[in-house]
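The values are calculated or read from the model by the stated rules, or taken from the named source; none is laboratory data. Computed from a predicted structure; not experimentally measured. No Cβ is skipped: glycine too gets one built from the backbone with ideal geometry, and neighbour counts run over all protein chains shown. Calculation scope for accessible area: heavy atoms of the full protein, side chains included, ligands and nucleic acids excluded. Shrake-Rupley method; radii C 1.70, N 1.55, O 1.52, S 1.80 Å.
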Amino acid sequence: MAERFTITTPIYYPNDRLHIGHAYTTVAADALARYHRLRGEDVFFVTGTDEHGQKIEERAQKAGKTPLAYVDEIVSDIRDLWQLLQISYDDFIRTTEPRHERVVQEIFRKLEASGDIYLSQYEGWYCTPCESFWVEGKLVDGNCPTCGGPVSRLNEESYFFRLSRYAKPLLQHIDSHPDFIQPTSRRNEMVSFIRQGLEDISVSRTSFRWGIELPQDPRHIAYVWIDALTNYITACGYLQDDQRFARFWPADVHLVGKEIVRFHAIIWPAILLALGLPLPKVVYGHGWLLLGEQKMSKSRGNVIDPRQLVQRYGRDAVRYYLLREVPFGADGNYTEDALVLRTNVDLANDLGNLLSRTTAMIERFSDGLVPRPSGRSVLRPVAEEAVRKAADHLDRLQVSDAVVAVFELVRRANKYIEEAAPWQLNRTGDPRLADVLYDLAESLRVIAVLLKPFLVDAPHAIYRQLGLDNADATRLHDAAWGGLPPGTRVQRGEPIFPRIDQHLVTAAAAPEGEAQESAEIAIDDFARLDLRVGTVLAAQKVKGADRLLQLTVDLGEAEPRTIVSGIAEHYLPEALPGTQVVIVANLHPAKIRGIVSRGMILAGEAESGLQIISPREALPPGTKIR
Ligand code: ME8
């Protein structure tokens, strides 16, 4: 039987629409699931929703709905979002489903029978947005240590789970399973957390009703963590289908955001130990997408809607950006400009052009047919290395590195076009032309297979344009060199990633009338202008001036320049770092609002607003514009 691979995302709270932070985890899990399917494994990929709790009860009440009616709507919206992003989950679990309620109740029975839960008095602090209890000593300046928000005092009867029993077995497990908590930094945090001693945790509530009743004491409902964490085993068939459960549990990977690693790497394994069940193989805590300096979050309201981005840029562009931009594991800043830049540079320019140039050359120089190569190949070792590296990175959950490995092949192939100059080989009738064209087309085919975990439309489009049937590439071994049959007729088509025009220099930016009215100048007049490319390092608002931003721009000089620019109504300061701009570098310095500004940024005004002028492709800071 094929190996199996079980991967999970957190189950999300349906208390609000999901944002790109949630899409981030889910797309990454989807990439890993797709990769393991490509390896021919029997994959079980589960995501879902965490539907109980006080916050949802309150929200529903405010909306004048029953909690279930309230979450039903949001859950259907979440499913639509996953459909839009083509998330290939095998199961979508809702904690309100009867299959889960039964499991939770049975778990409470078992834990009580084993002496792992007991009734006592809960005294402490509670953070409603985080649904977390805190003992006095864990508060930071009297506030919730997770979100920094206010906490309220609680004193009520509650069932407790004997977490304290499991500190030692957990430390032993972590010690003997070095891969259990990843990345290593989170593992170290967890170890030091456990070493400080674990206290028993409250696992039931009596102060609200929206939850699963405890069978032994229906005044109580299960409190979030036992209710939520157990979703993973419910989905795998625990207490429902022993065979399925034995096949799909323990999970290979629980992919979660770093703020809930503690629950997944401490509380959850302790519950599993108490139940006598095997522990998940890996808990991977990835970093946060930030907006400015802050975590993007529903409670802060500083969120970006993935649906809008997909509408604007397409789902592959959004998936690509999420998977590629931030080194997996670390925090990273979200900016729309970076998304546009990634799409234009990597997808439109590097990948899209490779495909259109290759198919165009095969049409022109080889009657549209993939030529028969002599056996000499320059790109083959590069392609084989890309396959090896991408697989190796994905085996170690290094999603962004895997994407980079694929694009190394894309870039090398593009460079090879310049080096080999097929148009010259064609002119001189050089027989090496067949080798070059085959190398390029076959590299593209390998790239398409390797991109299958990450992108959902582009690999098909590449296969189609190469004249192949996408159904022929369902396994990683299809990426083995030589799969493209000579004689295949290519089907040149539309660019697979049209450039996003938003930030391009367009003639339309200058109103026609103005251009005609300007007096003609001699070339020397133009030469007096020192126009240079710069990269924005930092941007901030200028106090007391609504229209002005103060920019720090790298012009390749010893010191970056300070430039004050009237673009504040068109660009958010946090969106600018990394953007390339064109500067009039020899403009006499001017003092604006007390700030000395050395240079001017070029921009054009369209009806839609101001557009900064950027080079089509990144240029080294200081590059002179002629
Ligand atoms: O925590 N950057 O649900 P939730 C990256 N129901 N990832 C982010 C993110 C950001 N800015 N914001 C959210 C819960 N996420 C519980 C989980 S599991 C048994 C119960 C992702 O709706 C990330 O995966 O608050 C984070 O862990 C999760 O969404 C939190 O989703």
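Odds and ends about this structure:
- Taking only the Cα atoms of region 1-53, the radius of gyration and Dmax are 13.1, 41 Å.
- Within the accessible area of region 164-217 (1.4 Å probe), percent carbon and sulfur: 47 percent
- Once the Cβ-Cβ distance of E336 and W423 is raised to the sixth power relative to R0 = 45 Å, the FRET efficiency obtained is 0.75.
- Region 143-163-region 557-626 distance, computed between alpha-carbon centres (Å): 49 Å
- With a simple spin-label model that places each label point 7 Å from the Cα along the Cα-to-Cβ direction, the separation between M1 and H477 comes to 2.1 nm.
- Taking every full run of DSSP H in the chain, the ones that stretch at least 27 Å from end to end by Cα along their long axis and average -1.0 or higher on the Kyte-Doolittle scale are 399-420, 432-451.
- Excluding same-chain neighbours fewer than eight residues apart, the lysines reachable from K281 by a Cα-Cα span under 21 Å are K168, K258.
- Atom-type composition of the exposed protein surface of region 375-443 places 51 percent of the accessible area on carbon and sulfur (1.4 angstrom probe).
- Linear extension gain, R153 paired with A113, 0.36 nm per residue minus alpha-carbon span: 11.3 nm
- Solitary cysteines of the chain, where the nearest other Cys Cβ is not under 4.7 Å: C147, C236
- Listed values for region 472-488 are Karplus-derived 3J(HN,Hα) couplings in whole Hz (6.51 cos²θ - 1.76 cosθ + 1.60, θ = phi - 60°), namely 7, 10, 10, 10, 4, 5, 5, 7, 5, 4, x, x, 8, x, x, x, 5, and x replaces Gly and Pro.
- Phi to ³J(HN,Hα) by Karplus 6.51 cos²θ - 1.76 cosθ + 1.60 over region 299-305, Hz, x for Gly, Pro: 6, 7, x, 9, 10, 10, 8
- Length released on extending from D200 to S164, taking residue separation times 0.36 nm less the Cα-Cα span: 12.4 nm
- Coarse-grained scattering of region 519-626 at q = 0.10, 0.15, 0.22, 0.24 Å⁻¹, given as base-10 log I(q)/I(0) from a Debye sum over alpha-carbon atoms: -0.28, -0.63, -1.26, -1.42
- For the chain, the relative contact order is 12 percent, taking Cα pairs closer than 8 Å that sit 6 or more residues apart in sequence and dividing their mean separation by the residue count.
- Estimated vicinal HN-Hα couplings, Hz - region 491-497 in sequence order (Karplus 6.51, -1.76, 1.60; Gly, Pro = x): 10, 4, x, 4, x, 6, 10
- Rounded to the nearest 20 debye, the dipole size of region 323-416 about its Cα centre is 580 debye, using +1 on the Cβ of Lys and Arg and -1 on the Cβ of Asp and Glu.
- For the chain: accessible area per residue (Å², 1.4 Å): 44 Å²
- The trypsin sites (Lys or Arg not before Pro) found in region 328-385 that occupy coil by DSSP, while having at most 12 further C-beta atoms within 10 Å, are R376.
- GluC sites (Glu not before Pro) within region 34-98: DSSP coil, no more than 10 neighbouring Cβ in 10 Å: none
- Residues with amide H under 5 Å from that of Y122, placed H, sequence gap 5 or more: E156, E157, S158
- Once backbone amide H atoms are built at 1.01 Å from N, G287 has G329, A330 as its partners under 5 Å, excluding neighbours fewer than 5 places away on the same chain.
- Restricting region 289-372 to GluC sites (Glu not before Pro) that sit in a DSSP loop and have at most 14 other Cβ atoms within 10 Å of their own Cβ leaves E293.
- Along the axis of the charge dipole computed for the chain (Cβ charges of +1 for Lys and Arg, -1 for Asp and Glu, origin at the Cα centre), the listed residues N302, Q398, I267 are led at the positive end by Q398.
- Distance between modelled label sites at R247 and L84, nm, 7 Å Cα→Cβ extension: 3.4 nm
- Local electrostatic count, D367, Cβ distance below 14 Å [Lys/Arg +1, Asp/Glu -1]: +3
- Mean separation of Cα contacts under 8 Å, 6 or more apart, over the residue count of region 361-499: relative contact order %: 33 percent
- Protein accessible area in region 1-95, 1.4 Å probe - carbon and sulfur %: 45 percent
- Cα shape, the chain, gyration tensor, a/c 1.5 rule: oblate
- DSSP beta bridges confined to the chain are antiparallel in about 70 percent of cases.
- Residue pairs, from the table K295/K624; K591/K624; K138/K389, whose Cα atoms sit over 31 Å apart: K295/K624; K138/K389
- Area of F193 that stays accessible when all protein chains are in place (1.4 Å probe, Å², to 10): 50 Å²
- This model, with +1 at the C-beta of Lys and Arg and -1 at the C-beta of Asp and Glu, gives the chain a dipole about its Cα centre of some 700 debye.
- For region 308-437: Kirkwood Rh in Å [reciprocal of mean 1/r, alpha carbons]: 16.5 Å
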